[in-house]
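*Asks:* Here it is, the structure in full.
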Amino acid sequence: MKIDTEYSAGRLRVLLYGELDHHGARYAVESIGEAIDNYLPRDLVLDLSGLSFMDSSGIAVIVRTNRRLQLCGGRMRIECPQAQPLKVLDASGIDRLVPVRVQREVTT
């Protein structure tokens, strides 16, 4: 698993690549937490366009990240999940907690 971050104007984009399973979940929580601490974003976009596989550990990462961001007064959303991660997101009902967009939001 690989994680990249991009920050601009109060928005942190976290890009996940590879597979998010129980082995990668701890790394993801720690890496995303460090980025939140460094940037203190108003908004966090979890970009799953490079994530080919996710299991229920990925849902735990999303819930923990959302909770941490809310404690800082921020908001989170998920963008661009591929087919398999999207099935896991849909089955979990996570969209009741965190908005999920199948395509990337265009910002001007």
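The values are calculated or read from the model by the stated rules, or taken from the named source; none is laboratory data. Source: prediction; values computed, not measured. Please note: Cβ atoms are built from the backbone with ideal geometry, for glycine as well, and neighbour counts cover all protein chains shown. Calculation scope for accessible area: heavy atoms of the full protein, side chains included, ligands and nucleic acids excluded. Shrake-Rupley method; radii C 1.70, N 1.55, O 1.52, S 1.80 Å.
*Asks:* For region 71-94, name all the residues that are assigned to a helix (DSSP H, G or I), open to solvent by 10 Å² or more (accessible area, probe 1.4 Å) and touching an Asp or Glu at 6+ places or on another chain (Cβ under 9 Å).
*Replies:* 88
*Asks:* Please name all residue pairs, on different chains or six or more residues apart, with Cβ atoms under 6 Å, provided the first residue is in region 27-45 and is more than 16 Å from residue 78 (Cα to Cα) and the second residue is of a type in the set (Ser, Thr, Tyr).
*Replies:* Every condition considered, the pairs that remain are 35/5; 39/7.
*Asks:* Just to be sure I understand the filter: pairs with C-beta atoms under 9 Å, separated by 6 or more residues or on different chains, first member in region 84-98 and over 13 Å from residue 56 (Cβ atoms), second member open to solvent by 10 Å² or more (accessible area, probe 1.4 Å) and in a loop (DSSP other than H, G, I, E, B). Which pairs pass?
*Replies:* Between residues of region 84-98 that are over 13 Å from residue 56 (Cβ atoms) and residues that are open to solvent by 10 Å² or more (accessible area, probe 1.4 Å) and in a loop (DSSP other than H, G, I, E, B), the close pairs are 86/102.
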